[in-house]
1. Quick check on the range 331-437: take the gyration tensor over C-alpha atoms, sort the square-rooted eigenvalues as a ≥ b ≥ c, and tell me if it's rounded (a/c under 1.5), prolate or oblate.
2. Between the range 536-573 and the range 297-321, what's the alpha-carbon centroid distance in Å?
3. For a quick check of your reading of the filter: which trypsin sites (Lys or Arg not before Pro) in the range 93-197 sit in a DSSP loop and have no more than 10 other Cβ atoms within 10 Å?
4. Residue farthest toward the positive end of the dipole of the chain, with Cβ of Lys/Arg at +1 and Asp/Glu at -1: which of 34, 439, 276?
5. State, as an integer percentage, the relative contact order of the range 517-681 based on alpha-carbon contacts under 8 Å between residues 6 or more apart.
6. Which entries in the list 490/803; 77/111; 350/438; 350/656; 438/656 go over 32 Å, if you measure between the two C-alpha atoms of each?
7. Is there a quick way to get the dipole size of the chain? I mean about its Cα centre, with the Cβ of Lys and Arg at +1 and of Asp and Glu at -1; what is the value in debye to the nearest 20?
8. For a quick check: with amide H placed at 1.01 Å from N, whose amide H comes under 5 Å from residue 727's, ignoring anything fewer than 5 positions away on the same chain?
Amino acid sequence: MEQPLRVLIVEDSEDDALLLSRELRRGGYTVESVRVETADAFTQALATAEWDLVIADYNMPRFSGLAALRTLQEFGKDIPFLVVSGFIDENVAVAAMKSGAHDYLMKDNLKRLAPAVERELREAKVRRERRQTAEALRAGEARLRQANDSLLYLARSPSVQEGDLEQAFAEISQIAGLSLGVSRASIWLFSPDRTQLICQKVYELAGDQHSEGLTLEVAHYPRYIAALQEHRFISTTESQLDPRTKEFSDDYFIPYNVVSSLEAAVRLRGEVVGVVSLEQCDTPRRWMPEEEIFAGSVADLVSLALGANERRLAAEALRHSEQRYRDLFENANDMIYTMDLNGRFTSINKRGEEMTGYSRDELLGCSGDMLMLPDETALSRSQLGRKLVRESDHTVYEITITAKNGQYLPVEINSRLIYEGGEPVAIQGIARDISQRKQLEEELRHSQKMEAVGRLAGAVAHDFNNLLTAILGYSQLLLLRLEPNSPWRKEITEIEKAGRSAAALTSQLLAFSRKQRVKPQNLDLNQVVSTIERMLGRLIGDDIELRVHLEPALGTIRADPSQLEQLIMNLAVNSRDAMPRGGTLWIETANTYIDAKYAMHHRGVLPGPYVMLTVRDEGVGMDHETQSRIFEPFFTTKEEGKGTGLGLATVYGIVKQYEGLIEVQSQPGAGTTFRIYFPQVHETPALTEGAATYASAGGHETVLLVEDNVAVRTLARQMLEMNGYKVLEARNASEALLLSRSYEGSIAAILTDVLMPQMNGPELVRQVLLIRPQLGVVYMSGNSDTHLLPARVSDERLFVITKPFTSETLTQTLRSALDHIH
């Protein structure tokens with residue numbers, strides 16, 4: 001196959017030019033030639049067309065071969081240049097070759113023409129390829145220099161420096177793709193659990209666009225992952241065949257037409273966290289070392305952005321943490337502070353300002369001793385000393401601080417040392433206001449003390465009631481048997497009077513101990529106050545003005561009205577005695593509500609609606625020490641013989657019996673205010689009951705009397721027999737059960753003590769009723785044993801008399817019980 005050849009012939013002879021063309025055709029070339037013979041024509045030909053070969057006659061009239069050679073050289077074109085001549089001159093040939101001609105031929109010997117042309121065309125091609133390679137290398141180097149400059153610019157850009165990964169990855173992938181001219185540049189990161197490789201950003205050169213890529217399962221590519229861990233680069237010309245990368249063929253390379261790839265591992269703190277992938281599509285590409293280095297620089301830039309992102313997130317987390325700490329510090333319910341090792345404040349929160357009354361500026365730099373009582377500064381310093389000698393990491397202790405306004409505030413201090421470089425540099429402390437806790441502890445101690453005294457009072461009252469039953473009962477029997485003018489009547493009357501006073505005391509003890517038998521009902525406190533208002537006027541005297549204010553539509557409470565009357569009278573008497581020169585006594589009622597926050601400060605009190613009773617006077621008032629003891633039994637500030645010390649103790653017991661709350665406000669010389677809170681019930685008040693009516697007290701029935709106390713049993717028997725009843729006596733439950741089984745006659749009723757050894761009264765009654773189901777039942781109670789009574793104590797079938805009792809009370813109650821069953 002002939003080779004085309006474009007030849008520019010510089011020749012003044014047309015025949016010689018034809019000879020040259022013919023010789024070239026003989027050599028196997030398809031010749032396309034142009035003949036010129038002047039410098040202008042030659043220059044024009046060079047400028048307007050591309051030539052494979054120039055053949056020039058050495059000597060012509062108006063032009064020469066050497067002149068043509070110089071013109072060609074000026075054009076900068078590397079075209080084979082052959083000189084032909086009609087005469088032989090060795091010097092001319094050497095001069096032509098030195099000037100740059102590629103060969104010198106004689107016109108009379110053109111056989112060398114074709115081989116010379118073939119040789120020179122081949123050498124020209126080699127020279128051309130070398131130039132192209134050199135130019136490509138220079139262009140690549142320039143491109144890499146520009147790319148590295150771009151990477152350096154990116155390294156300083158805000159997106160990389162601030163860790164804005166979305167923007168940084170877009171800029172990095174685009175620079176990488178454009179700089180190397182690859183089809184696709186992408187950035188991949190491992191998932192947190194390293195089970196997936198996720199494409200964060202991909203830049204495609206063809207569309208000059210970005211997108212997010214795929215998510216690949218790491219477990220599917222073990223060889224690739226192993227190679228990535230071991231090497232900085234994975235450079236492949238045939239990626240679908242390379243053992244390190246061919247695992248991606250089916251999932252990635254073939255679908256996306258990837259032929260060659262250059263992978264650079266992204267490392268952060270020595271760990272591979274991702275990869276930069278540069279991919280060539282359609283045609284293979286052999287990666288140059290400079291390109292591998294560039295890919296590594298791209299991976300380093302990704303690592304730089306990741307590090308910046310971590311630092312940014314850490315800084316944000318730190319700011320959030322500091323803000324949360326600042327919020328906690330400023331909004332804490334406790335005083336939080338720091339001090340230097342000399343005990344001077346270096347920081348304090350808002351709560352600290354509130355607790356101390358000092359501003360932050362007033363406290364900073366001042367010693368904590370300014371807030372402490374003099375005798376507690378040594379304690380605080382000793383606690384610091386314990387920490388400094390490493391005896392304890394932190395200490396907890398209680399002190400009392402003095403606020404700016406002079407008030408004392410008990411606090412619990414929890415403090416620790418702050419270390420820097422292993423050495424203590426400061427103190428951090430939390431001071432908690434424990435005034436509420438102290439109050440609750442004091443209420444608990446007081447409640448426990450009152451409970452213990454109440455149990456003692458209840459036990460004593462029970463025994464007293466047995467004694468008083470005998471004293472009052474026998475006094476009444478004697479008075480019944482004495483003549484009206486008997487000289488003993490006055491003395492026995494005094495004995496009875498003293499017994500009744502003693503009975504009143506035991507009644508108050510039982511009220512205090514909450515063991516008094518009561519009949520609670522739904523009632524209107526206004527009605528109770530109105531009922532005893534006239535009585536209170538006579539009780540407090542003419543020199544004291546009574547003012548009563550009752551709130552309309554007062555809520556309903558549940559209590560025994562007789563106990564409420566006793567409570568109000570006791571408070572009125574207490575106020576009367578506190579106003580020896582007269583004054584004003586206020587009694588008020590009101591609806592109120594106790595919320596959860598208020599209830600928290602008072603042990604045993606539940607939130608909800610309450611009825612409040614206020615009793616206020618203008619008396620002498622009380623100091624704090626007196627107020628702390630006023631509810632103790634037998635405590636009194638009155639002169640000897642003018643008070644029993646049970647009035648306010650009884651009030652306390654009644655209030656607690658109905659799950660209420662009592663508060664006292666008083667100062668010496670400023671009077672006293674009692675506020676009593678009773679829980680409201682959502683029911684209608686009961687109608688006030690009229691006086692009880694009794695049937696005829698006498699009778700002829702047989703009564704089973706069970707009482708372990710000899711004096712009470714003998715007295716009860718005599719009272720019953722005096723009124724016509726037949727009495728069967730039993731000292732205990734065993735004897736009573738024996739009598740109920742063995743007595744052949746009829747037994748109409750059982751009169752039994754509630755509290756007895758071996759078996760109590762209610763249990764005895766249950767067993768006796770199994771034997772004789774039609775018995776009337778009457779209990780004799782010492783009040784402290786009412787908890788043993790059946791749950792149906794309010795049932796009309798059950799009758800109870802309270803010790804000490806009179807003959808009339810005993811016989812009338814028994815008669816009612818008997819009449820009830822007939």
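The values are calculated or read from the model by the stated rules, or taken from the named source; none is laboratory data. It should be emphasised that the depicted structure is a prediction, and the values quoted were computed from it without experimental measurement. Quick reminder, even Gly has a Cβ in these numbers, built from the backbone with ideal geometry, and neighbours come from all protein chains shown. The accessibility values were calculated without ligands, DNA or RNA, using every heavy atom of the protein model including side chains. Shrake-Rupley method; radii C 1.70, N 1.55, O 1.52, S 1.80 Å.
1. prolate
2. 77
3. Here the trypsin sites (Lys or Arg not before Pro) that fit, given the DSSP loop and packing criteria, are 156.
4. 439
5. On the way: 311 pairs, mean separation 40.4, N = 165.
After rounding, I find 25 percent.
6. The answer is 350/656.
7. Computed about the Cα centre, the dipole is about 2740 debye.
8. 703
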